[in-house]
Structure formats: structure tokens, C-alpha cells
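Read through the structure below, which is laid out as C-alpha cells, and then see the notes.
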Amino acid sequence: MITKEMLHKELSVGQLSARSGVAVTALHFYEAKGLIKSNRNQGNQRRYPREVLRRVALIKIAQRLGIPLATIHDALHALPDGRAPTAADWKNLSAQWRNDLDERINKLVWLRDQLNGCMGCGCLSMEACPLRNFGDVLGEQGPGAHLLEPSERGKSR
Ligand code: FES
């Protein structure tokens, strides 16, 4: 049970877990990855500022959206220390992540459509199958080597 006094103090990892619904092990993992920070009390126990609750909520949403941890890390580090993410912060981040989600959805739709062409084929051909040799940009230039000599790199055509 959370008392009125506890609402105004820093949170222990157990309290943060109870309030956020995130397992203690996951909170330790977030901290090890630099997503959240704690202070140490006189007994060397972790104490989390209350704004960490909103950061954890943001992390959980981002993970649900499939945002990589490194991206979440960068987003959280772009926010000022010592305060909870604001509605404006969330608006900016959610707009960025919406674009990222759209890109991934479009890629998945493309992959699904290509898979439709593969179903019942079975060729697994490097030349013919778009999924077998996915992302072969140089292959679009025809067979053979296409990489520039090191001395030619960086020169404009
Ligand atoms: S398996 Fe034949 S086109 Fe992909």
C-alpha cells in the first residue's frame, strides 16, 4: 500500500516496480542500459526520483511499438535531467516514433507481398527471388563487381 508520505519521497526499486507495473529485474536492466537513473541513499540502496515513473511509462510504450533500446536511450537523453517528460516531449517523441512505425509497416507490407510471390515457387534464386537477395542494391546494376576502387571513392561523377 502506498501511503501519502511515500508519494512525496523518492521511490525504492520495489515501489517503482509496484507503481509502474514493471518487474524489478527489468528496472535494473533499464538502469544498466542508461535509460533511467537512481540515487543511492545512506544504506547504498537505489532511490528513484519520482519523474522516473513517467520515463518508465515512456519506455514501455516505446518497447510496445518496437522502438529499439538505443533509440529510446537517445530520446530520453535528449530530455532535460531532473524532470518528468512533459506532454510536449511526448508529442515530439510520439510523432518521430509514428514515422518510424509507418516505415516498418510499409516494409512489412512489402515483404508480405513479396512472400505471396514466393509461395508455391521454391526457387530461392539469388537472381529471381526478391526475398532471397533482399536489399541487393548493387545487383540492380547487373552482374559482376561494382564497387569503386579505393582511390575513386569520394570523387564525384
Ligand atoms: S522463392 Fe521463388 S521467387 Fe522467391
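Can you name the residue in region 103-119 that is farther than 26 Å from residue 76 by Cα and surrounded by 11 or more Cβ atoms within 10 Å (Cβ to Cβ) and, of all such residues, is nearest to the ligand (Cβ to nearest atom)?
Among those residues, the one meeting the criterion is 118.
Taking every residue in region 7-29 that is closer than 21 Å to residue 82 by Cα and pairing it with any residue that is open to solvent by 50 Å² or more (accessible area, probe 1.4 Å) and of a type outside the set (A, V, I, L, M, F, W, C), at least 6 positions away or on another chain, the pairs with Cβ-Cβ distances below 6 Å are 10/47; 13/46. Being free of Cβ contacts under 8 Å to residues at least 60 places away in the same chain, within 16 Å of the ligand (Cβ to nearest atom) and surrounded by 13 or more Cβ atoms within 10 Å (Cβ to Cβ) is true of residue 130.
Scanning region 44-78 for residues that are assigned to a loop (DSSP other than H, G, I, E, B) and in contact (Cβ under 8 Å) with a residue 12 or more places away in the chain, we see that the one that is nearest to the chain's Cα centre (by Cα) is 67.
Take the conditions modelled with pLDDT under 95 and surrounded by 15 or more Cβ atoms within 10 Å (Cβ to Cβ) and apply them to residue 70. Does it pass? No, not satisfied.
Table: residues versus (1) farther than 30 Å from residue 16 by Cα; (2) within 14 Å of the ligand (Cβ to nearest atom); (3) small (Gly, Ala, Ser).
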| site | (1), (2), (3) |
| --- | --- |
| 39 | no, no, no |
| 55 | no, no, no |
| 82 | no, no, yes |
| 93 | no, no, no |
| 97 | no, no, no |
| 101 | no, no, no |
| 121 | yes, yes, no |
| 125 | yes, yes, yes |
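The values are calculated or read from the model by the stated rules, or taken from the named source; none is laboratory data. The shown structure was predicted, so the numbers you read here are calculated from the model rather than taken from an experiment. Note: ideal-geometry Cβ built from the backbone for every residue, glycine included; neighbour counts use all protein chains shown. Quick note on the areas: whole protein, heavy atoms, side chains included, nothing else; ligands and nucleic acids left out. Shrake-Rupley method; radii C 1.70, N 1.55, O 1.52, S 1.80 Å.
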